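All remarks here apply to the structure that follows.
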Amino acid sequence: MKTYKYKFTKLMTAFIWIGIALSVAAFGLNTYFVFADGIAEAANAFYPILKYVLMYFVSVAAFVLLLSLILSSYYQIKDKKFKTSFGIIKSTYDIDKIQSVVLDRKTKKLSVYFDENNFIIIVVKEEWYEDFIEELLKANSNIEYTINSVENDVDGDKK
C-alpha cells in the first residue's frame with residue numbers, strides 16, 4: 001500500500017490556514033458574545049440562542065472541513081483499488097478499470113483515464129509521478145502509459 005499526499009499550491013495552502021484561523025477566531029468571538037451579552041436582555045430568547053448555536057456550528061464545520069483538507073488529502077493504491085481522498089470527500093476506483101495514464105510534460109499534469117470515458121487529474125509532487133505510475137502498473141500491467149512532451153506536441157507549439 002502506497003500513499004501519495006495531495007500537493008496544494010502555496011496560495012491554496014495559505015487560504016486553508018487563513019480559513020482555519022478565521023474559524024477559530026469566530027468560535028472565540030462567539031464565546032465572548034455569549035458571556036458578554038448573554039440572552040437575558042433579549043425580549044425573545046429564541047433568536048440569540050439560534051444565532052449563537054448557528055455561529056458555533058458554522059465555525060466548527062469550517063474548522064473540521066479545512067483541517068481535513070490539510071490532513072486527509074491523498075491518493076492511495078492498495079491491492080486492486082485506487083482511492084482518492086480530498087478532505088472528507090473520498091472515492092474508490094477499481095484499478096482494472098483504468099485504461100491509460102498520460103503524463104503531460106508541457107502542462108506538468110498526470111491524468112488517469114478509465115473505461116467509462118472518465119478521467120481524473122493526479123496532483124502530487126512531480127518527483128512522485130514515476131513511483132505513482134509504477135505502483136499502478138504493478139497492480140494492473142494492462143494500463144497504457146503515455147508521455148506527452150513538448151517535442152512530440154501535435155500542434156507544434158514549442159516554447
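The values are calculated or read from the model by the stated rules, or taken from the named source; none is laboratory data. All of these numbers come straight from a predicted model, not from anything done at the bench. Reconstructed Cβ throughout: ideal geometry from the backbone, glycine too, with neighbour counts over all protein chains shown. With ligands, DNA and RNA removed, areas are computed over all heavy atoms of the protein, side chains included. Shrake-Rupley method; radii C 1.70, N 1.55, O 1.52, S 1.80 Å.
Determine which member of the set Asp104, Asp115 is farther than 28 Å from Ile16 by Cβ and either of a type outside the set (A, V, I, L, M) or in contact with a His (Cβ under 7 Å, 6 or more places away or on another chain) (or both). Break it down stepwise before answering.
Values: Asp104 fails: farther than 28 Å from Ile16 by Cβ.
Only one candidate qualifies: Asp115.
Given (1) aliphatic (A, V, I, L, M); (2) part of a strand (DSSP E or B); (3) open to solvent by less than 60 Å² (accessible area, probe 1.4 Å), identify the lone condition not met by Ile121.
Result: Ile121 passes all but (3).
Give me the residue from region 65-83 that is part of a strand (DSSP E or B) and open to solvent by 20 Å² or more (accessible area, probe 1.4 Å) and, out of that set, nearest to Tyr6 (Cα to Cα).
Initial filter on region 65-83 (part of a strand (DSSP E or B)): 73-78, 81-83.
Those still in the list that are open to solvent by 20 Å² or more (accessible area, probe 1.4 Å) too: 74, 76, 78, 81, 83.
On the way: Tyr74: 5, Gln76: 10, Lys78: 17, Lys81: 18, Lys83: 12 Å.
Looking at residues that are part of a strand (DSSP E or B) and open to solvent by 20 Å² or more (accessible area, probe 1.4 Å), I get Tyr74.
In the list Asn142, Asn152, which residue meets the criterion of being modelled with pLDDT of 85 or more, over 22 Å from Tyr6 (Cβ atoms) and either assigned to a helix (DSSP H, G or I) or of a type outside the set (D, E, K, R) (or both)? Working first, answer last.
Details: Asn152 fails: modelled with pLDDT of 85 or more.
After ruling out the rest, the residue left standing is Asn142.
For Glu116, all conditions in the list (1) surrounded by 14 or more Cβ atoms within 10 Å (Cβ to Cβ); (2) touching a residue at least 12 places away in the same chain (Cβ under 8 Å) hold save one; what is the number of the exception?
Evaluating Glu116 over (1) surrounded by 14 or more Cβ atoms within 10 Å (Cβ to Cβ); (2) touching a residue at least 12 places away in the same chain (Cβ under 8 Å) leaves (1) as the failure.
List pairs: first in region 42-68 and closer than 26 Å to Phe15 by Cα, second modelled with pLDDT of 95 or more and open to solvent by 40 Å² or more (accessible area, probe 1.4 Å), Cβ under 6 Å, 6+ apart or cross-chain?
Correct list of pairs: Ser59/Phe27.
What about Leu54, is it over 30 Å from Ile121 (Cβ atoms) and at pLDDT 90 or above?
On the way: over 30 Å from Ile121 (Cβ atoms): yes; at pLDDT 90 or above: yes.
So Leu54 fits the description; yes.
Could you say which residue among Lys108, Lys90, Lys158, Lys80 is among the charged types (D, E, K, R) and at pLDDT 90 or above? Spell out the reasoning first.
Working: Lys108 fails: at pLDDT 90 or above; Lys158 fails: at pLDDT 90 or above; Lys80 fails: at pLDDT 90 or above.
Exactly one of Lys108, Lys90, Lys158, Lys80 is among the charged types (D, E, K, R) and at pLDDT 90 or above, namely Lys90.
Just checking, how many residues over region 15-49 are under 32 Å from the mean Cα position of the chain (by Cα) and not small (Gly, Ala, Ser)?
The qualifying residues number 11.
Among (1) touching a strand residue (DSSP E or B) at 6+ places or on another chain (Cβ under 7 Å); (2) exposed (fewer than 12 other Cβ atoms within 10 Å of the Cβ); (3) within 30 Å of Phe63 (Cβ to Cβ), where does Ile88 come up short?
Status for Ile88: all satisfied but (1).
Could you list, in sequence order, all residues of region 7-57 that are open to solvent by less than 60 Å² (accessible area, probe 1.4 Å) and closer than 30 Å to Lys80 by Cα?
If the condition is that a residue be open to solvent by less than 60 Å² (accessible area, probe 1.4 Å) and closer than 30 Å to Lys80 by Cα, then Phe8 is the only one that fits.
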